[in-house]
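Undergrad: The following block contains the structure, expressed as structure tokens.
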Amino acid sequence: MDKTTITQYHAQFEDVAQEENGVEYWMARDLQLLLGYSEWRNFLAAIEKAKIACLNSGHNVSDHFVGVNKMIDIGKGAKREVEDIILNRYACYLIAQNGDPRKNEIAFAQTYFALQTRKQELIEERLHLRDRLQARQKLTESETELSKNIYERGVDEQGFGRIRSRGDAALFGGHTTAQMKKKLDMPPNRPLADFLPTVTLAAKNLAAEITNHNVKQHDLHGEPLIVQEHIQNNTSVRNMLVDRGIKPEELPPEEDIKKLERRVAAGDKKALKDIKKLSGNGDRK
């Protein structure tokens with residue numbers, strides 16, 4: 001497939017794409033023509049195969065294939081109602097995957113919608129990473145503030161470590177920080193928070209913020225009083241989570257946040273390179 005053909009196909013697929021509320025979609029009858037199907041019934045057969053693949057992959061078919069009816073012109077001012085299907089990018093990808101890759105249109109569509117799907121995955125990964133990063137940063141800030149606050153009240157760095165560990169034990173149902181690291185099968189020299197899900201990071205942050213507030217509000221001094229305060233706050237936060245069906249110690253670990261940052265950055269670069277290549281902008285002959 002030469003550069004000119006690729007550019008033409010890319011323009012055609014972009015032209016028929018539609019968008020509503022930020023969601024991109026294609027109409028099946030438009031896609032039928034782009035994929036080289038002359039008969040609607042033949043294209044419906046390909047769509048049915050795609051629906052089966054969608055179901056087998058654990059997705060709800062109705063989330064990706066939405067049947068609709070529309071009126072079309074049949075000449076001399078007359079109109080006729082025909083069926084059509086709204087397809088999101090994943091549905092289009094599955095249809096293309098069930099087509100004949102020896103046809104140029106199908107071969108292009110397989111690559112085009114694979115990249116479209118990967119772009120969506122990257123967006124979701126970035127949003128997930130952003131949420132975790134924000135939660136992690138807030139926890140770092142609150143613990144740093146707490147450390148400074150209690151240092152002025154007679155607690156050194158080692159004491160802060162003990163206070164934080166006792167708080168973890170209260171939050172994680174009796175599991176200490178070291179025990180949680182072992183339970184999550186993570187490196188012992190890495191911060192526990194780098195492997196925690198967003199909800200647990202937010203819980204730890206809330207407990208630390210309450211401790212920091214009450215230490216100032218009640219002018220608490222010394223490790224015994226402050227550790228008791230931190231235990232009580234973590235226990236209260238844990239009770240709230242358990243009441244909502246969440247036990248922090250039973251949540252699976254998240255991917256190392258540092259590794260996730262690197263992979264998302266690398267994925268962004270690769271997606272950009274692939275998109276340029278697909279549209280013909282990356283060829284250098």
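The values are calculated or read from the model by the stated rules, or taken from the named source; none is laboratory data. No experiment lies behind these values; they were computed from the predicted model shown. Backbone-built Cβ (ideal geometry, glycine too); neighbour counts: all protein chains shown.
Undergrad: Of the conditions (1) closer than 21 Å to A114 by Cα; (2) touching a residue at least 40 places away in the same chain (Cβ under 8 Å); (3) not hydroxyl-bearing (S, T, Y), N60 satisfies every one except a single condition; which number is it?
TA: That leaves (2) as the condition not met.
Undergrad: A further question follows. Mind checking which residues of the stretch 57-71 are touching a helix residue (DSSP H, G or I) at 6+ places or on another chain (Cβ under 8 Å) and assigned to a strand (DSSP E or B)?
TA: F65
Undergrad: Scanning the stretch 27-74 for residues that are within 15 Å of Y93 (Cα to Cα) and basic (K, R), which turns out surrounded by the most Cβ atoms within 10 Å (Cβ to Cβ)?
TA: For the stretch 27-74, the residue satisfying everything is K51.
Undergrad: Does any residue of the stretch 18-35 turn out to be among the hydrophobic types (A, V, I, L, M, F, W, C), outside any helix (DSSP H, G or I) and free of Cβ contacts under 8 Å to residues at least 60 places away in the same chain?
TA: No.
Undergrad: Now for a different question. If S165 satisfies every condition in (1) under 27 Å from the mean Cα position of the chain (by Cα); (2) at pLDDT below 95 but one, which is the exception?
TA: Every condition holds for S165 apart from (1).
Undergrad: Do we find that V215 is farther than 23 Å from Q134 by Cα, assigned to a helix (DSSP H, G or I) and touching a residue at least 40 places away in the same chain (Cβ under 8 Å) in this structure?
TA: Here the answer is yes, as V215 does meet what is asked.
Undergrad: Quick test for you: out of E209, E229, E249, pick the one residue that is modelled with pLDDT of 90 or more, under 25 Å from the mean Cα position of the chain (by Cα) and not in a loop (DSSP other than H, G, I, E, B).
TA: E249
Undergrad: Provide a single number: the residues in the stretch 149-166 that are in contact (Cβ under 8 Å) with a residue 60 or more places away in the chain and more than 18 Å from Q217 (Cβ to Cβ).
TA: 4
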